[in-house]
Amino acid sequence: MAYPTAGSDAAPRGALSHIRVLDLSRILAGPWATQILGDLGADVIKIERPGEGDDTRGWGPPWMPDDQGGESRVAAYYLCANRNKRSVTVDMASEQGQALIRRLACESDVLVENFKAGGLARYGLDYDSLHALNPRLVYCSITGFGQTGPYAARAGYDFLIQGLGGLMSVTGRPDGEPGEGPIKAGVALTDILTGLYAANAIQAALAARERTGAGQHLDMALLDVQVASLANQAMNYLATGVSPARLGNAHPSIVPYQDFPTADGYMILAIGNDGQFARFCEEAGRPDLARDDRYATNRARVEHRDTLIPILRHLTTARTTAAWVAALETRAVPCGPINAVEQVFDDAQVRARGLRIEMPHPETGRVPLVASPIRLSETPVDYRLPPPSLGAHTDEVLTQVLGLAAEDIEALRVDGVI
């Protein structure tokens with residue numbers, strides 16, 4: 001089928017089209033934040049190592065096929081977080097490279113980096129050094145553990161933080177069940193959430209700058225974000241002093257709210273109130289369950305889940321997933337299938353919302369991407385640039401932003417600075 005085609009040479013019209021972002025980050029949390037800003041119109045300049053670039057450029061397979069059907073060297077992982085950016089290669093270890101980055105920082109509104117705490121000080125690219133040159137700069141540092149505390153010097157990785165920060169303790173099958181044990185989320189969720197928090201914090205700092213005229217340092221830590229994102233599970237502990245247990249796909253405070261077997265697979269029931277439970281019981285041919293004192297209220301169902309869930313699991317095997325979904329939707333009972341990713345992109349609602357897009361790409365001809373979920377009526381997301389080839393915009397940025405002449409750029413290239 002034909003998918004929406006993105007990519008435009010029109011003048012930027014996004015909400016952040018007046019903002020320039022200098023992106024010194026790599027991997028996922030930082031690039032996710034800067035892609036959000038780029039989608040909203042910001043001019044994002046991605047600084048990469050000459051000849052190597054962002055680590056995720058080499059994180060394959062899978063690789064995108066080229067326009068001849070062969071295998072390119074464009075990693076699918078890199079593509080997920082780097083659209084709407086201009087790639088500039090600079091050797092940060094060289095004095096000339098450091099000078100270039102400082103000049104770019106003076107022409108930018110935001111800088112995002114995810115080096116170890118204090119790691120950029122030796123290059124003169126830390127917050128204090130750049131704030132002295134550009135007091136309006138919003139400087140966002142993303143680390144595993146933050147700029148302070150006993151773990152500040154440690155490297156942080158999503159998987160480790162999911163474990164240390166408590167997410168894995170509430171994710172996975174309970175002890176005593178087949179497949180028991182803690183398990184991580186299927187995507188690098190802590191990195192993604194940190195990127196989202198960072199993008200919010202950056203925009204808050206830009207709004208504050210409108211009043212004060214001054215930038216500030218943003219200290220974003222994966223561990224902080226993971227603990228904050230425990231949400232109700234954290235509050236359950238703080239309220240009771242008891243650590244929540246793993247419940248598989250079940251919910252600690254709502255029953256039934258989990259996966260159930262069907263005649264041809266599985267479905268999810270997400271019953272959030274007593275009325276929904278009564279309507280489900282009617283459809284399932286067991287209206288008596290909703291009148292039983294053990295199950296009539298959510299509180300009672302939570303207390304008696306051990307006896308209720310086996311009854312419901314037997315009932316749900318009587319029909320296919322599609323039959324249950326069709327029937328329960330007519331009764332306003334929340335339910336749904338458990339889709340593979342292939343099925344997700346073939347879903348009617350996902351297609352209607354345009355969540356798969358395509359963009360032209362210099363190495364693969366075209367590249368499919370996942371659309372931004374942000375929908376703004378007056379300043380919509382604009383897909384201007386595909387994830388760039390390494391160094392594709394070096395000359396362009398150095399000319400447009402810093403005003404360097406062609407011979408100066410060539411000299412820098414000869415010296416290995418760019």
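Of all accessible surface on segment 114-272 at a 1.4 Å probe, what whole percent is carbon and sulfur? Kindly include the intermediate steps, with their values, before the conclusion.
Details: 4520 of 7890 Å².
With neighbouring chains kept in place, the figure for segment 114-272 is 57 percent.
Putting +1 on Lys and Arg Cβ atoms and -1 on Asp and Glu Cβ atoms, find which of Pro362, Phe159, Ala270 reaches farthest to the positive end of the dipole of the chain.
So the residue we want is Ala270.
Measure nothing fancy, just the Cα-based angle from helix 305-316's long axis to the longest principal axis of the chain, in degrees from 0 to 90, nearest 10.
It works out to around 90 degrees.
At 20 °C and 1.002 mPa s, what whole-number value in µm²/s does Stokes-Einstein give for the translational diffusion of the chain, with Rh from the Kirkwood sum over Cα pairs?
Working: Rh = 24.4 Å.
For these conditions, the coefficient is 88 µm²/s.
Only four residue types carry charge here, +1 at the Cβ of Lys and Arg and -1 at the Cβ of Asp and Glu. Report the dipole size of segment 14-96 about the Cα centre in Debye, rounded to the nearest 20. Provide the component values of the computation, followed by the final result.
Numbers: 9 positive and 12 negative charges, 43 e Å.
Roughly 200 debye, rounded to the nearest 20.
So, for segment 184-226, what is the accessible surface per residue at a probe of 1.4 Å, expressed in square angstrom? Don't skip to the answer; put the middle values down first.
Details: 1910 Å² over 43 residues.
Ligands and nucleic acids excluded, the figure is 44 Å² per residue.
What number, rounded to the nearest 500 deg cm²/dmol, is the helix-based mean residue ellipticity at 222 nm of the chain, given -39500 (n - 2.57) per DSSP H run of at least four residues and division by all its residues?
Working: 17 runs with 151 residues, N = 418.
Helix-only estimate at 222 nm: -10000 deg cm²/dmol.
When the expected Rg is taken as 2.2 N^0.38 Å, what fraction or multiple of it is the alpha-carbon Rg of segment 291-393? All intermediate terms of the calculation are to be shown ahead of the outcome.
Details: Rg = 22.4 Å, N = 103, 2.2 N^0.38 = 12.8 Å.
Cα Rg divided by the expected 2.2 N^0.38 Å: 1.75.
So who's got an amide H within less than 5 Å of the one on His361, skipping anything under 5 residues away but keeping other chains? H placed 1.01 Å off N, in plane.
HN-HN under 5 Å from His361: Arg366, Val367.
How much accessible area per residue does segment 284-354 have, in Å², with a 1.4 Å probe? Each step should come with its number before you reach the end.
On the way: 4380 Å² over 71 residues.
I get 62 Å² per residue for segment 284-354.
Note down the magnitude of the dipole of the chain about its Cα centre, charges +1 on Lys and Arg C-beta and -1 on Asp and Glu C-beta and zero elsewhere, to the nearest 20 debye. Intermediate results must be reported in sequence, preceding the final value.
Values: 38 positive and 50 negative charges, 200 e Å.
Roughly 960 debye, rounded to the nearest 20.
Give, in nm to one decimal, the length gained when the segment between Val242 and Asn273 is fully stretched (0.36 nm per residue of separation minus the Cα-Cα distance). Show your work: numbers first, answer last.
Details: separation 31, 0.36 × 31 = 11.16 nm, distance 2.52 nm.
Taking Val242 through Asn273 to full extension adds about 8.6 nm, to one decimal.
State the volume of the convex hull built on the alpha-carbon positions of segment 176-328, expressed per residue in Å³ and rounded to an integer. Please list the in-between numbers first.
Working: hull volume 27.9 nm³, N = 153.
In segment 176-328, the Cα convex hull volume per residue is 182 Å³.
Any idea how far the Cα center of segment 225-304 sits from the one of segment 149-182, in Å?
With segment 225-304 and segment 149-182 each reduced to a Cα centre, they are spaced 23 Å.
Of Gly38, Gln68, Gly146, which is farthest on the positive side of the dipole of segment 22-155, counting Cα position, with +1 on Lys and Arg Cβ, -1 on Asp and Glu Cβ, and the Cα centre as origin?
My answer, from the dipole projection, is Gly146.
Using 7 Å Cα-to-Cβ label points, what is the Asp346/Arg291 separation (nm, one decimal)?
Once both label points are built, they end up 4.4 nm from each other.
Calculate one ³J(HN,Hα) per residue across segment 134-142 by plugging θ = phi - 60° into the Karplus curve 6.51 cos²θ - 1.76 cosθ + 1.60, and present them in order as whole Hz with x for glycine and proline.
9, x, 8, 6, 8, 10, 10, 9, 10
With axes computed from alpha carbons, what is the tilt in degrees of helix 321-330 against the longest principal axis of the chain, rounded to the nearest 10 within 0 to 90?
Helix 321-330 sits at roughly 80 degrees to that axis.
So what J values fall out for segment 204-209 if you push phi through Karplus, 6.51 cos²θ - 1.76 cosθ + 1.60 with θ = phi - 60°, rounded to Hz, Gly and Pro as x?
Per-residue couplings from phi come out as 5, 5, 5, 5, 5, 5 Hz.
Treat every Asp and Glu Cβ in segment 1-150 as -1 and every Lys and Arg Cβ as +1, leave all other atoms uncharged, and give the resulting dipole magnitude about the Cα centre to the nearest 20 debye. Let's see the in-between values first.
Details: 15 positive and 18 negative charges, 51 e Å.
Charge dipole, segment 1-150, about its Cα centre: 240 debye, nearest 20.
Just want the answer: with Cβ charges of +1 for Lys and Arg and -1 for Asp and Glu, which residue in Val325, Leu312, Ile338 is farthest toward the dipole's positive end in segment 294-348?
Looking along the dipole axis, the top candidate is Leu312.
So if I restrict to the alpha-carbon atoms in segment 50-129, what is the Rg, and what is Dmax, the biggest pairwise distance, in Å?
15.8, 50
From the phi angles alone, apply the Karplus equation (6.51, -1.76, 1.60; θ = phi - 60°) to segment 274-285 and give each ³J(HN,Hα) in whole Hz, x where the residue is Gly or Pro.
Calculated HN-Hα couplings, in order: 5, x, 4, 5, 4, 5, 4, 4, 4, 5, 7, x Hz.
Collect residues whose amide H, placed 1.01 Å from N in the peptide plane, falls under 5 Å from the amide H of Leu218; neighbours closer than 5 in sequence don't count.
Tyr139, Cys140, Ser141
The values are calculated or read from the model by the stated rules, or taken from the named source; none is laboratory data. Values in this document were obtained by computation on a predicted structure and should not be read as measured data. Cβ sites come from the backbone with ideal geometry, for glycine too, and all protein chains shown count toward neighbours. For the accessible areas, the whole protein counts, side chains as well, though only heavy atoms, and no ligand, DNA or RNA atoms are used. Shrake-Rupley method; radii C 1.70, N 1.55, O 1.52, S 1.80 Å.
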